[in-house]
Amino acid sequence: MKKPYETHGRIALIQMDSPPVNSLAHSQRIALFDAMDAAVQDSEIDAVVICGAGQHFCGGAAIEEFNLPVRAEPSLKKIIDCMEGSAKPILAAIHGSALGGGLELALGCHYRLATTDARLGLPEITLGLLPGGGGTQRLPRLVGVEAALALILSGERLDGASAAKVGLVDDVLDAVVRGAENLDGVGQNVAGLAIAWLQRRLMLPVPEPLSRRKAWFASLDNELGFFENAADKAAQVKGSQRAARDCVACVRASTEMAFESGLAFERSKFLELVASSESISLRHLFFAERKAARVPGLSADVMPEIVAEAAVVGAGLMGSGIAMCFANAGIPVRLLELDAEALERGMRRIEKTYADSVAKGRLAQSVMDRRMSLVKPAQRYEELASVDLVVEAVFEDMSVKQQVFVQLDAACKPEAILATNTSRLDIDEIASVTKRPGHVIGMHFFSPANVMRLLEVVRARCTSAKTLATIMRAGRALRKLPVAVGICDGFVGNRMVTAYFREAGFLLEEGASPSQVDKALLDFGMAMGPFAMSDMVGLDISWAGRKRMAATRLRHLRYSKVADMLCEEGRFGQKTGAGYFRYQVGS
């Protein structure tokens, strides 16, 4: 009878094989448990290596199973119990992703190795959850309470080298390549390296499972008031307050309860969160984002082009932000602005944004220097002759945009894609002035472009399938969430925002202040209030749209004139020093 694992001498190799990310769905758990149980009981096996087939170790739980009333056995807990009860050393060989339940599985092993480019983390908080497979109990016993709680609350993914630095893994696989070249004929792959690493440790005592260790603080000074302070900070987390609070409580339990009691406490909190409206909403969003990234009717046979060089027309707030998106992704970008002073302001804005990040410790100076070197100022359309993609980000006026596209059509190579950042205008009209309508598309970034993830990819009537596929791919390369939409006034995002802002305007007419309205929305969980957002984007943008659409406005619908009155006074937001709020230098 064929064994459910490979043998390499007296070492069993168990491979998880559940594409695309080896998630811990029920079928995968059955296969993993059967293989592990067999290897542990096999008298001809001295040790076990677990790895992942394909590009990942294990991407974690199958999220769709969270909605099931009862999760079928074997559970992740049963698999880990089997491993921790083994007298044989078990090693997790991590490449690609080890996230959520995937990392918790690795925590149940005696050893953990990772490649330098692996990604390890417990991102459950982004779904309004906490690690429910023992992560809040084992991690503080491995890396210490402070590091464990920071990793759990942030949902951060560590690379292999960083994971080794905090003690999450025992070694970095790439660092042992040279020493493993000729060991028992083991090859250079991840599994082979892990087997070679483990072979050299078979004579050593088997490390104690994490369940038998104690959680520890990096400094005894940290014990006093640590969890109270952490709970206060958790209360300030937007969108996942409940999950953050419960994460703190569970990690605290690891320091105050016996291991099994801590596991039971973690499980009870996990089940409460799974049923919460916050987590249900965040899980819906998780699946909706992935569904939105797929374009109905776009054949998988359509091969996108690679954008190796880009350009942005317009060096204002939006244009400079879009240029930063390309630079952040390592793509050379030319920032075109005909006015020399405006171009200089745009380049200074980019430099200041990066410098602020360096000053706050969010960016290394070397990274800033590299990104700045990728942004090249330009004042003539002819300088864009070699680019693969141009994003136009000039004033929201049809005639202005058409003039720009006529110039781009003449200056750019025939195969270059011409994209407009319009938030409302008809892209078919813009494409009509070019000789390449199939290469014209909408790329609507949201302000600030270098921060906001959403990217509306607007398919015009003549946009080719290859152009659409190329821009969807480019959007992902820019680390955005590209969503394909069709042409209508405001597309999708601004059509929704229109109703939102209309109601906000009514609140002002009824006596509320802009700060009161914004605070209510911030307390609700929005990242920014409607009026602060309007001031940042610029009130003149939406004003132009309202004037253009005035003739089609339904007369029986109530209309707020507050925004129009501000614009008539020249109060366009941050760029003019006043909008709904005043912006004074130094304030």
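The values are calculated or read from the model by the stated rules, or taken from the named source; none is laboratory data. Being a predicted model, the structure only gives us computed values, none of them experimental. Virtual Cβ from ideal backbone geometry, glycine too; neighbours counted across all protein chains shown. Ligands, DNA and RNA are excluded from the accessible area calculation, which covers all protein heavy atoms including side chains. Shrake-Rupley method; radii C 1.70, N 1.55, O 1.52, S 1.80 Å.
Things worth noting here:
- Nonlocal amide H pairs with residue 119, under 5 Å, H built at 1.01 Å: 96, 97, 98
- A 1.4 Å probe run over the chain, with the rest of the protein chains in place, finds 48 Å² accessible per residue.
- Amide H contacts of residue 455 (H built 1.01 Å from N, under 5 Å, at least 5 apart or other chain): 481, 483
- Net charge dipole size for the chain [Lys, Arg +1 and Asp, Glu -1 on Cβ; Debye, nearest 20]: 700
- Probe 1.4 Å - accessible area at residue 353, Å² to nearest ten: 50
- Residue-wise HN-Hα couplings along the stretch 308-319, as the Karplus relation 6.51 cos²θ - 1.76 cosθ + 1.60 with θ = phi - 60° gives them from phi, are 8, 8, 10, 8, 10, 9, x, 9, x, 4, 5, x Hz; Gly and Pro carry x.
- Long-range amide H partners of residue 389 with built H, under 5 Å: 309, 311, 417
- Low-density loop cleavage sites - GluC sites (Glu not before Pro) in the stretch 372-479, where at most 15 other Cβ are within 10 Å (DSSP): 415
- A simple packing score, the average count of other Cβ atoms within 10 Å per residue, orders the peptides 48-56, 84-92 as 48-56, 84-92, with the highest score first.
- Here is the list for the stretch 13-82: GluC sites (Glu not before Pro) lying in DSSP coil, each with at most 11 other C-beta atoms within 10 angstrom of its C-beta, are 44.
- Fraction of accessible area attributable to carbon and sulfur, the chain (%, probe 1.4 Å): 55
- In this structure, the pairs whose alpha-carbon distance is over 29 Å, taken from 376/413; 233/561; 291/466; 2/78; 3/88, are 233/561.
- In sequence order, calculated HN-Hα J values of the stretch 415-422 (Karplus, 6.51, -1.76, 1.60; Hz; x Gly/Pro): 8, 5, 8, 10, 10, 10, 8, 4
- Where trypsin sites (Lys or Arg not before Pro) fall in DSSP loop in the stretch 400-470, at most 15 other Cβ within 10 Å: 435, 453, 461
- Phi angles of the stretch 156-171 translate, via the Karplus equation with coefficients 6.51, -1.76, 1.60 and θ = phi - 60°, into HN-Hα couplings of 5, 9, 9, 7, x, 5, 5, 5, 5, 4, 8, x, 6, 10, 7, 6 Hz per residue; Gly and Pro are given as x.
- Sum of side-chain charges, residue 320 neighbourhood, beta-carbon under 15 Å (Lys, Arg +1; Asp, Glu -1): +1
- DSSP bridge orientation in the chain - percent antiparallel, rounded to nearest 5: 20
- Separation in nanometres of the label points that stand 7 Å from Cα toward Cβ, at residue 301 and residue 560: 5.1
- Axis of helix 190-199 versus longest Cα principal axis of the chain: the two differ by about 30°, to the nearest ten degrees.
- Candidate aspartates and glutamates - alpha carbon under 15 Å from residue 435, same-chain residues fewer than 8 apart omitted: 409, 415
- For the listed peptides 496-502, 132-138, a ranking on the average number of other beta carbons within 10 Å per residue, highest first, reads 132-138, 496-502.
- Cβ-defined net charge surrounding residue 75, 15 Å radius [Lys, Arg +1; Asp, Glu -1]: -4
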